[in-house]
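Coordinate-derived values only; no laboratory data. Given the structure is predicted, the values throughout are model-derived calculations rather than measurements. Cβ coordinates were reconstructed from backbone atoms using ideal geometry, including for glycine residues, and neighbour counts include every protein chain displayed.
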Amino acid sequence: MARDFKLGSQLAAASAAVAAHIAEGYGQLTDRHFAHYLAIARGTANELQAHLTVARGRGYLNDEEWRTLSARYTALGKRLTRLMQHLRREDRRERG
């Protein structure tokens, strides 16, 4: 993947952005705001899966590597969804 700098850069940026969105959301004052940032993080995780699929198509990942990584991001998306649902139910106005 070293030869495909743009794809590598997109993968690196998306993986960092998932964590950054979660952290940014955690710093919000209300549960609904936190859930909003988690939704953005989930979307970025989906973007990352798309980049992984491209990387597999270009031969940078074999099928087993792709399945393993894709499964991790699918599981992360599910965990984010469950946390978002919890936060929306609780709807605390002051998380502090």
Expected output for the stretch 48-71 (first residue closer than 17 Å to A17 by Cα, partner outside any helix (DSSP H, G or I), Cβ below 7 Å, 6+ apart or cross-chain) is L52/L61
Restricting attention to the stretch 65-96, report how many residues are more than 15 Å from the chain's Cα centre (by Cα), closer than 23 Å to Q28 by Cβ and assigned to a helix (DSSP H, G or I). 6
Could you tell me which residue of the stretch 40-64 is farthest from the chain's Cα centre (by Cα), considering only residues that are small (G, A, S), assigned to a helix (DSSP H, G or I) and surrounded by fewer than 20 Cβ atoms within 10 Å (Cβ to Cβ)? G57
Anything in the stretch 1-39 that is under 8 Å from the mean Cα position of the chain (by Cα) and either hydrophobic (A, V, I, L, M, F, W, C) or in a loop (DSSP other than H, G, I, E, B) (or both)? List them, or say none. A14, A17, V18, A19
Of all residues in the stretch 1-39 being closer than 30 Å to R93 by Cα and hydroxyl-bearing (S, T, Y), the one that is surrounded by the most Cβ atoms within 10 Å (Cβ to Cβ): Y37
